[in-house]
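Since every read-out is calculated from the coordinates, none of them should be taken as a lab result. It should be emphasised that the depicted structure is a prediction, and the values quoted were computed from it without experimental measurement. Because the Cβ atoms are built from the backbone with ideal geometry, glycine has one as well, and the counts that use them run over all protein chains shown.
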Amino acid sequence: MVEEYDKIATTVNALRTLGFKVVLTSGSFDIIHEGHSMYLEAARQFGDFLIVGLDSDEKIRARKGENRPVVPQMERLRMVTHQRGVGLVTLKYTHHPKWALIKAVRPDVLVATEETYTPEEIGELEANYCGRVEVLGRMATVSTSARLREVIQREMANPDSPVSTVHANPPRKRLAPAGRPRGESSLSFSSPCTSRLAPSG
């Protein structure tokens, strides 16, 4: 994750020197589902390097209410980073000026959903801050908000369901891997492989 937009601009300039076409998109990506994955893959097809602006927790709360997001920003950030085709992820905060990330990146292609920009805004963006705007339709049959409403309605209708009766703090069994000293972790993490990029012809 690169948080400083000036550093992102430096990276973008280096990519352009190598002939790469830069794509930018943004979103909340709360409770990632197949629609999000399909959207990101489709965005990546418009160029060589995909940058994703992830809405911060405070930005989502200001737009969708105190109960969102369900997944905190650092976890969402890690999940988006590991999506296929994503080259760089950064956070978008409420204190950032309008279109601050777009102005820093000045992408060759700006990818957005149908409800993101008005026709007038698209015209302004294409005239001043990006090569072109590509608008993608919704790629999931059910949105995250709709899924959450469905879960809440189901629990209200059936308060004795297994989901509703799960203990908040269930008893935990202490597990100790055989042959390992206490306190030594049995898990190891490796960074994902990065595929080699080739600039668009």
Worksheet item: Order of 119-128, 32-41 by packing, highest average Cβ count within 10 Å first?
Response: 32-41, 119-128
Discussion item. Strictly over 22 Å apart at the Cα level, which of Lys21/Lys103; Lys21/Lys59; Lys64/Lys103 would you flag in this model?
Written reply: Lys21/Lys59; Lys64/Lys103
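Reported to two decimal places, what Rg/Rh ratio describes region 1-121 when computed on Cα atoms with Rh from the Kirkwood expression?
0.94
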